Amino acid sequence: MLKVVVGILALASLIAPLAAAQQVVDTVLFEQGQRLYEGNCALCHGDSGTGDPPTFPALIGNDLLGDTARIVSHIRQGEGTMPPFPDLGAEAISSVANYIRNAWENDFGSVHTDEISAVLEGLEAIGEMASVWDGVFTEAQANRGEAVYPGSCGLCHGRRLNGAPDDPDMRSTPPLARAQFLRGWEGRSLATLFEYTRATMPENNPASLSDEEYIDIIAYMLSVGGMPVGDDDLRTDPQSLARTIIQQRP
């Protein structure tokens, strides 16, 4: 009996350092995940994970977070109003998963990067990434967006897209072009901009435009911001839009 007890104690002494080391890794992933969440997810799901249901689901107490494969596929491929994030690799997705599964009041446990990698191997490969400075829309598309903009966006965001409404009694709004817009959306994809815009704008009548009108307006916003035109229109396909990243002038 004494030998059994000694053996158990010896085994425990070996496991404890390993568990402590794992906890350090989880802490690093959690903190990295928090930064990624704040930069990519809080726009829709909120700083505290409360979301804005039903458009943006709450993450607090969401039992679906117990399904690791679901988390990975939603982040990589998108779903509904959730845009894809093809630029996030296994470690980044692992860190986000660790954060949302254990932040706030959640307690779904840690996720290992190896688990994330295994799920990613079963998903479609991502295409080549691009920047908004690579000529991703046409002049004709920007012109169509310019025609739609005044009646749908101009009243609140101003004729110059600077967030200054024409009516001085109206509150100011976020700018939709140029340096301040680029700083606010730095690093996010056109898919995030597209999904967020059509889900929330116009403020008094969200989702009231066609997908083509929303994407044409985005082309106009980029044109006003000085981005060069290209040979092809922006498409409404989230997978394609997710591969184009908003950046300040390179």
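The values are calculated or read from the model by the stated rules, or taken from the named source; none is laboratory data. Everything quoted here is computed from the prediction, not taken from an experiment. Virtual Cβ from ideal backbone geometry, glycine too; neighbours counted across all protein chains shown.
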Worksheet item: Any residue in the stretch 52-60 that is in contact with an Asp or Glu (Cβ under 6 Å, 6 or more places away or on another chain), at pLDDT 95 or above and part of a loop (DSSP other than H, G, I, E, B)?
Response: yes
Practice prompt. Taking the options VAL136, VAL111, name whichever one is of a type in the set (Val, Ile, Thr), more than 18 Å from the chain's Cα centre (by Cα) and farther than 30 Å from ARG249 by Cα.
Written response: VAL111
Practice prompt. Within the stretch 71-98, count every residue that is charged (D, E, K, R) and either surrounded by 23 or more Cβ atoms within 10 Å (Cβ to Cβ) or in contact with a strand residue (DSSP E or B) (Cβ under 9 Å, 6 or more places away or on another chain) (or both).
Written response: 1
Fill in: Condition broken by THR173, with the remaining ones in (1) of a type in the set (Val, Ile, Thr); (2) surrounded by fewer than 18 Cβ atoms within 10 Å (Cβ to Cβ); (3) not assigned by TED's automatic domain parsing to the domain that holds ASP211 satisfied
(3)
Worksheet, complete the sentence: Over the stretch 152-173, the set of residues part of a helix (DSSP H, G or I) and over 26 Å from the mean Cα position of the chain (by Cα) is LEU155
Worksheet item: In this structure, is SER240 out of contact with any Pro (no Cβ under 6 Å at 6 or more places or on another chain) and in a helix (DSSP H, G or I)?
Response: yes
Practice prompt. Within the stretch 176-210, count every residue that is buried (at least 21 other Cβ atoms within 10 Å of the Cβ), among the aliphatic types (A, V, I, L, M) and assigned to a helix (DSSP H, G or I).
Written response: 3
Item to complete: Evaluate the stretch 99-106: report whether one residue or more is touching a residue at least 24 places away in the same chain (Cβ under 8 Å), assigned to a helix (DSSP H, G or I), surrounded by 19 or more Cβ atoms within 10 Å (Cβ to Cβ) and of a type in the set (Val, Ile, Thr).
Response: yes
Worksheet item: For the stretch 127-151, which residues satisfy the criterion of being buried (at least 18 other Cβ atoms within 10 Å of the Cβ) and either modelled with pLDDT under 95 or not in a loop (DSSP other than H, G, I, E, B) (or both)?
Response: GLN141, ALA142, ARG144, GLY145, VAL148, TYR149
Item to complete: Mind listing whichever residues of the stretch 29-46 are exposed (fewer than 13 other Cβ atoms within 10 Å of the Cβ) and farther than 11 Å from TYR99 by Cβ?
Response: GLY39
